[in-house]
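Just below is one structure, and these are the notes that go with it.
The values are calculated or read from the model by the stated rules, or taken from the named source; none is laboratory data. Just so we're clear, the structure is a prediction, and the values are computed from it rather than from any experiment. Cβ coordinates were reconstructed from backbone atoms using ideal geometry, including for glycine residues, and neighbour counts include every protein chain displayed. For the accessible areas, the whole protein counts, side chains as well, though only heavy atoms, and no ligand, DNA or RNA atoms are used. Shrake-Rupley method; radii C 1.70, N 1.55, O 1.52, S 1.80 Å.
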Amino acid sequence: MAKRILLVEDEPGLQLTLSDRLRSEGYAVETASDGDTGYERATEETFDLIILDIMLPGKNGFDVCRDLRQAGRTQPILMLTARDQVADKVVGLKLGADDYLTKPFENIELLARVEALLRRSVASVTSHSTDFYEFGNVSVNFRKSEVMLSGKPVDFSAREFQLLRYFIENRESLLSRDELLNNVWGYDVTPSTRTVDVHIARLRQKIEANPKYPMHILTVHGMGYKFIG
Ligand code: CA
């Protein structure tokens with residue numbers, strides 16, 4: 001199946017050229033011309049990759065990127081900017097973008113980045129295409145942001161849900177506290193790895209049969225956590 005790419009770019013000429021070029025490479029391309037529409041489409045539909053311009057009408061690319069990460073979207077984001085500023089790059093990457101391209105760029109350069117990002121994210125994209133995930137006595141409905149334990153709904157805060165989602169999407173991978181902070185909390189908290197530990201303890205209370213001897217969210221001493229589902 002063709003990989004789906006969302007291109008959020010307000011310059012009509014560039015939007016057209018880029019989507020034509022990407023389609024000729026076999027990608028399915030959808031477009032949005034402002035930040036709000038881009039955000040809506042990215043949250044309501046499933047994409048394998050998002051190409052996101054920074055200077056956009058409405059929500060700018062930084063905001064869209066941050067909000068998508070906060071909403072638990074983990075697909076790769078490639079940011080585009082007209083400004084050749086290191087500051088932009090730093091901000092973009094901090095907000096959860098995966099790569100960065102400065103305009104003007106060669107199409108071949110864009111295609112190379114897109115290909116590399118898609119290759120890197122094969123594992124998480126696969127899990128993204130399903131709306132449900134089950135492990136042990138727990139079933140997770142991503143579309144409704146609902147968690148059921150033995151058929152009964154469990155109260156989850158938005159952050160706890162994002163954390164669980166991130167674990168599921170990266171199951172069996174060792175995740176450091178820093179990685180969890182970056183990907184689940186983003187830039188807008190005082191970075192404290194203690195925050196992660198507190199949330200993990202709460203998650204365990206909610207989903208582990210015996211939180212003292214977790215079977216799913218495992219501690220890897222001195223390294224971080226690993227989710228086994
Ligand atoms: Ca623009």
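Take the conditions more than 16 Å from the ligand (Cβ to nearest atom) and either at pLDDT 85 or above or surrounded by fewer than 17 Cβ atoms within 10 Å (Cβ to Cβ) (or both) and apply them to Val147. Does it pass? First the steps, then the outcome.
Details: more than 16 Å from the ligand (Cβ to nearest atom): yes; either at pLDDT 85 or above or surrounded by fewer than 17 Cβ atoms within 10 Å (Cβ to Cβ) (or both): yes.
In short, yes.
Every residue in segment 75-86 that is more than 14 Å from the ligand (Cβ to nearest atom) and open to solvent by 40 Å² or more (accessible area, probe 1.4 Å), please.
At the first step, the residues of segment 75-86 found to be more than 14 Å from the ligand (Cβ to nearest atom) are 75-78, 84-86.
Residues satisfying the conditions are Asp84, Gln85, Val86.
Of all residues in segment 26-44, which are farther than 12 Å from Glu9 by Cα, open to solvent by 40 Å² or more (accessible area, probe 1.4 Å) and touching a strand residue (DSSP E or B) at 6+ places or on another chain (Cβ under 6 Å)?
Result: Arg41, single match.
When you scan segment 1-74 for strands (runs of 3 or more DSSP E) that lie fully inside it, which ones turn up with 1 or more residues that are within 11 Å of the ligand (Cβ to nearest atom)?
On the way: elements: 4-8, 28-32, 49-53.
The qualifying strands (runs of 3 or more DSSP E) are 4-8, 49-53.
Checking Lys94 against (1) open to solvent by less than 10 Å² (accessible area, probe 1.4 Å); (2) under 18 Å from the mean Cα position of the chain (by Cα), which single condition isn't satisfied?
Every listed condition holds for Lys94 apart from (1).
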